[in-house]
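First up is the structure itself, then whatever we jot down about it.
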Amino acid sequence: MLDALRNSVGSWFAKLLIALLVLSFAVWGIADVFTGIGSTSVASVGDKEISAEEFQRAYSRELDQLSRRVGQPVTQEQAAAFGVPAQVLGRLIAEAALDNEASKLRIGVSDEAIIKTIQETPAFQGVNGYDRNRLSQVLYNLGMNEDEFVMQQQLVAERQQLAEAIIGGIKVPQTMLETFDKYAMEERRVEYFILPQSSLTDVPAPTNEELTAFFESNKGNYKAPEYRNAAIIELTADKIANPDNITDQEIAQEYERTKNRYQSGEQRRIYQISFPTKQEAETAVVQMESGKTFEDLMNEQGLTEKDVDLGLMNKAGFLDQKIADAAFALKEDQTSNVVEGQFTNAILFAKEIKPAAVQPLDEVKDEIRASLAQQNAADEVEDLYNEIEDARAGGSTFEEIAERFNLDLTTTPAFDASGKNEAGETVDLPEANALTTAVFSTDIGVENDPLEIGRSGHLWYEVKEVTPSRDRELSEVKEAVTADLMAARNAELLEEKAKALVTEIKAGKSLSEIAAAEGLTTNTSEPFTRNGGAANLSGAAVSAAFSGPKGTATQVPGNNEDRILLVLTDTTTPAFMTDSENVKRIDTQMTGALESSLLNQFIAQLEQTEGVRVNQSVFNQLTGLNR
């Protein structure tokens, strides 16, 4: 039993314990308050109590892990909205139920077995095996001392033994495996054609009465959304930077300090011809010594300048150091001897040499001026931010703040919750997504926290005007209503036509005859499975292909605004192979599902038999639900 315990650490049982998080509270009511339980306990199952300290530790750990997963701190209010307190309590109650039963059955595990299990845990392994420092680091991250961890492992081992007795050795019946394998691997083939909307003729335009009736039935689809505009103040380095305040002396000093930035090292454009062997390259060198040019070699090998040009690069740009050294030893228009590079034997030609250069101050003066202004402004942003926040706390209005700090006060155009104006165009807003969300999360007269712009900027906003959502008149949206009604009419007529054609197929006509009469041709699909899909067939077509026996004819929506007519022509059920990858995957999934179901039923029965008592007052106090 202990061998099975050690082998299963971190595998199925760990997954089952995680699955206990989703146990429902059908067996015990968290809203009920029972007596006869310790005033500092959150809940109990039989003789096992869950202390407030134990719950608080588990709950805090869950909040920490959740915060790390979402990348920001999770508040108690947010955790409650996601049901985290009840999930944690549900897990602890399930564990307590198992502990209570293990205690009644006198299940135990020796200290030696626990120590061995801990020392063999993969998370605690270093280069030379078990590493105590890794254990200490994990426990530190969990906020747990060693004694608590060992005690927890003792309880986990006992629960494991109990669970193993309940679900150990469970096997999925072969009939079930065969059924699921057949469902997943059965292949079908169809003959089909796509019936487009263009096959419809003389579709009548809607009358005014029809438009009015359609509009009234779908009025909510044409409702004008709520629109808002806001006053905003932006504080960024760009907004307050003043290049005119930068002196020529400051520019000159910055130029000298950052001169390396304006220096470019020597660059060379090198042509390279590679040869399969060193001997062939040496033969080419001899030919050039006899009068051939590098260009002649290129022509002989059918190479263009594009084929041999390595580009204009500095020495560090070459991947092969030997090629780089040889290239930068050449004079302009000079050809090298054979270069035995790391990857090839080559002859090089220095097509162009661009000497090292320094951009003069006059060429970069404006760039430096703007950069210095930005740097100075960035230093001022945080000071101004604090002053503005102080002014807001003192009751200053946006108008007063803008005037006092020489900042622009802007009123945005009206926009809806998606950031669009009444014409459906996207409104140009700073930090558009964040500002739109923020503006529609507040109201007129509410003082709001500023939004961040980039790394150091800030954006203050206040709602100035709210235009409520309203029902539009037909005259405002007549074009859209007409288009929607015609689309619905075309879809309805196309479906009626497709159904009529299917009736003809069932009466004896072939699918190819039907298609030909419509000026269309049929296609035959490749074999496909339920989950694999097939080219040009919609999901509805794939489902329809598996809806009946060979010869089934039907019509379904296509991938666009068309219909697909199909006839099932072939079905293939592969032989059941117990060692196939699909069967192995099904076996693993079904085994886990059966184990989880059986263990959950066992725990639910324990909770019902032993009785679950919850101290609602302590639970609410620890989770902040009593606020």
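Points to keep in mind about this one:
- Number of positions in the stretch 376-387 that are surrounded by 14 or more Cβ atoms within 10 Å (Cβ to Cβ) and either closer than 18 Å to residue 462 by Cα or under 36 Å from the mean Cα position of the chain (by Cα) (or both): 3
- Against the test of being part of a strand (DSSP E or B) and β-branched (Val, Ile, Thr), the options 347, 323 yield a single qualifying residue, 347.
- Residue-level analysis places residue 284 among those that are touching a strand residue (DSSP E or B) at 6+ places or on another chain (Cβ under 7 Å) and part of a helix (DSSP H, G or I).
- Candidates in the stretch 343-362 are the residues that are out of contact with any Pro (no Cβ under 8 Å at 6 or more places or on another chain), of a type outside the set (Gly, Ala, Ser) and closer than 30 Å to residue 276 by Cα; of these, the one that is surrounded by the most Cβ atoms within 10 Å (Cβ to Cβ) is 348.
- Pairs where the first residue, in the stretch 259-288, is farther than 22 Å from residue 310 by Cβ and the second is of a type in the set (A, V, I, L, M) and surrounded by 14 or more Cβ atoms within 10 Å (Cβ to Cβ), C-beta under 7 Å, 6+ apart: 262/364
- Selected residue [free of Cβ contacts under 8 Å to residues at least 12 places away in the same chain and assigned to a helix (DSSP H, G or I)] from 178, 148: 148
- Boolean, residue 30 is among the β-branched types (Val, Ile, Thr), at pLDDT 60 or above and either out of contact with any Asp or Glu (no Cβ under 7 Å at 6 or more places or on another chain) or closer than 24 Å to residue 598 by Cβ (or both): no
- Scan of the stretch 199-216 for residues that are in a helix (DSSP H, G or I) and either of a type in the set (Val, Ile, Thr) or exposed (fewer than 10 other Cβ atoms within 10 Å of the Cβ) (or both), ordered by number: 208, 209, 212, 216
- Out of 79, 97, sole residue that is assigned by TED's automatic domain parsing to the domain that holds residue 149, at pLDDT 90 or above and surrounded by 16 or more Cβ atoms within 10 Å (Cβ to Cβ): 97
- Conditions (1) free of Cβ contacts under 8 Å to residues at least 12 places away in the same chain; (2) over 37 Å from the mean Cα position of the chain (by Cα); (3) more than 23 Å from residue 162 (Cβ to Cβ): number failed by residue 65: (2)
- One residue stands out among those in the stretch 84-131 that are of a type in the set (Ser, Thr, Tyr) and not in a helix (DSSP H, G or I): the one that is nearest to residue 603 (Cα to Cα), which is 110.
- Hits in the stretch 510-547 (condition: aliphatic (A, V, I, L, M), crowded, with 17+ Cβ neighbours inside 10 Å and under 20 Å from residue 500 (Cα atoms)): 511, 514, 515, 541, 544, 545
- Flag for residue 567 being free of Cβ contacts under 8 Å to residues at least 24 places away in the same chain, in a strand (DSSP E or B) and of a type outside the set (Asp, Glu): no
- Residue match in the stretch 494-502 (condition: aliphatic (A, V, I, L, M), touching a residue at least 60 places away in the same chain (Cβ under 8 Å) and surrounded by fewer than 16 Cβ atoms within 10 Å (Cβ to Cβ)): no
- Hey, residue 552 more than 29 Å from residue 103 (Cα to Cα), hydroxyl-bearing (Ser, Thr, Tyr) and either surrounded by 15 or more Cβ atoms within 10 Å (Cβ to Cβ) or modelled with pLDDT of 90 or more (or both) or not: yes
- Whichever residue in the stretch 255-281 is in a helix (DSSP H, G or I) and of a type in the set (D, E, K, R) and, among such residues, is nearest to residue 312 (Cα to Cα): 261
- Yes/no for residue 587 being farther than 30 Å from residue 91 by Cα and out of contact with any His (no Cβ under 9 Å at 6 or more places or on another chain): no
- Residue ID - surrounded by the most Cβ atoms within 10 Å (Cβ to Cβ), chosen from residues in the stretch 572-584 that are assigned to a helix (DSSP H, G or I) and either touching a helix residue (DSSP H, G or I) at 6+ places or on another chain (Cβ under 9 Å) or in contact (Cβ under 8 Å) with a residue 24 or more places away in the chain (or both): 583
- Each residue in the stretch 388-407 was checked for being surrounded by 14 or more Cβ atoms within 10 Å (Cβ to Cβ) and either under 17 Å from residue 447 (Cβ atoms) or not assigned by TED's automatic domain parsing to the domain that holds residue 451 (or both), and 9 of them qualify.
- When residues of the stretch 33-72 are limited to those that are hydroxyl-bearing (Ser, Thr, Tyr) and surrounded by fewer than 12 Cβ atoms within 10 Å (Cβ to Cβ), the one modelled with the highest pLDDT: 40
- Test result for residue 455, of a type in the set (D, E, K, R) and over 35 Å from the mean Cα position of the chain (by Cα): no
The values are calculated or read from the model by the stated rules, or taken from the named source; none is laboratory data. Since the model is a prediction, treat every value here as computed from it, not as a measurement. Heads up, the Cβs are rebuilt from the backbone with ideal geometry, glycines too, and the neighbour counts pull from every protein chain shown.
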